[in-house]
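Read through the structure below, which is laid out as structure tokens, and then see the notes.
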Amino acid sequence: MKITAGIDVGSTATKAVIFDGSILGWSVIPTGWNPKEAGTRVFNEAMERAGITWEQVDKIIGTGYGRISLPFIDKKVTEITCHARGAKFLFPETRTVIDIGGQDSKVIAVDDDGAVADFVMNDKCAAGTGRFLQVMTGVLDITLEELGKLAAKEEPVPINAMCTVFAESEIIGLLAQGVSKEAIASGIIDTIAKKLLSLTARVPCISEITFSGGVASNPEICRILSRGLRVRFNVPNEPQVVGALGAAIIGQEIGGSNHTRRVLNETRDT
Ligand code: ADP
């Protein structure tokens, strides 16, 4: 198989996967303010980890909201398609993908071939996304990893505000009342899980479900979601790179001349 690359320039994190039938290397970095630079850097890091050079990569596929900023890619594909393909590759029985990223969450219905049959997306509100967790861990002055660990220790305190901004004020109030960080952490995870479960109600969640996106790195959220959904639930080892993986897989299927090599040659000639 040829070597292909998928680069997923997300709102929060930029991911790359180098693929030749299996994953040769991958990398995740913050997107920051310059998506083009992040895309180039993450690609170089993934190639370094894979032990290959740019010349060896046959096709590069871009996905994610920042894919338009990458001048050196051969094709752009939506992240919905890429998450579906990546999840299907990792778990061939996948029929539903739940993807929770930095600024949106999606439920994607997948057909037998890994094509998108239907999807719903929340990109109007930060609640139910990684941004919600980032704001709340900021208030508690803890890391995302600590959030899950603390949450496992106590029952959730109810957080009633559905909006991220009001939930932030509510948490500040709870801290002032002396409610423990553990109970608040547990409440935060409970809130995001409920929000996600309400999204899953809009597309029939058929087994098997595969969870992708950065938020799936949180075992506590995965545990609550799998309990709420009551169907077989897969969590990849690296859920954040599923979209980049799907992009690299799509790269295996396209023919034609190599755009990357053209761009490199043009750069060298001038
Ligand atoms: P995007 O493609 O929109 O940039 P990603 O799928 O890369 O989103 O996910 C980024 C989000 O993942 C961040 O908002 C962050 O909150 C979340 N995230 C990363 N690691 C963890 C973790 N261990 N627990 C909870 N959330 C996490």
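The values are calculated or read from the model by the stated rules, or taken from the named source; none is laboratory data. For clarity, every value in this text was computed on a predicted model and none was experimentally measured. With ideal geometry, Cβ positions are generated from the backbone for all residues, glycine too; neighbour counts draw on all protein chains shown. Calculation scope for accessible area: heavy atoms of the full protein, side chains included, ligands and nucleic acids excluded. Shrake-Rupley method; radii C 1.70, N 1.55, O 1.52, S 1.80 Å.
Near Ser207: Cβ cut-off under 10 Å, other residues only, Lys/Arg at +1 and Asp/Glu at -1. The net charge is +1. Straightening the chain between Lys149 and Arg230 buys 26.9 nm, computed as 0.36 nm per residue apart minus the Cα-Cα spacing. Pairwise alpha-carbon distances in region 38-108 exceed 16 Å for 59% of all pairs.
Stick to Cα atoms and the Kirkwood definition of Rh, then tell me Rg/Rh for region 95-235.
Numbers: Rg = 15.0 Å, Rh = 15.2 Å.
In region 95-235, Rg relative to Rh is 0.99.
Note on Gln56 and Ile206: with the Förster distance fixed at 45 Å, the Cβ-Cβ geometry gives a FRET efficiency of about 0.70.
State which entries of Lys36/Lys195; Lys76/Lys106; Lys124/Lys195 exceed 24 angstrom in Cα-Cα distance in the structure shown. Violating the 24 Å Cα-Cα cut-off are Lys36/Lys195. Within the chain, the longest run free of GluC sites (Glu not before Pro) that sit in a DSSP loop with at most 13 other Cβ atoms within 10 Å is 94-252. For the Cα atoms of the chain, what angle does the longest principal axis make with the long axis of helix 130-140, in degrees from 0 to 90, nearest 10? Approximately 50 degrees, to the nearest 10.
Extension gain for Arg49 to Ala117 (0.36 nm times residue separation, less C-alpha to C-alpha distance): 21.0 nm. Seen from a random direction on average, the alpha-carbon convex hull of the chain projects onto 14.5 square nanometres.
The trypsin sites (Lys or Arg not before Pro) found in region 210-249 that occupy coil by DSSP, while having at most 12 further C-beta atoms within 10 Å, are Arg230. Here the chain exposes an accessible surface that is 53 percent carbon and sulfur, computed with a 1.4 Å probe and the other protein chains kept in place. Taking the C-alpha atoms only, the angle from helix 259-269 to the longest principal axis of the chain is near 60 degrees. The GNM of the chain, with springs linking C-alpha atoms under 10 angstrom apart, assigns the highest mean-square fluctuation among Gly251, Gly101, Gly21 to Gly21.
Taking all protein chains into account, the per residue accessible area for region 95-235 stands at 46 Å² (1.4 Å probe). For Lys75, Lys59, Lys88, Lys153, the ranking by accessible surface with the largest value first comes to Lys153, Lys75, Lys88, Lys59, using a 1.4 Å probe.
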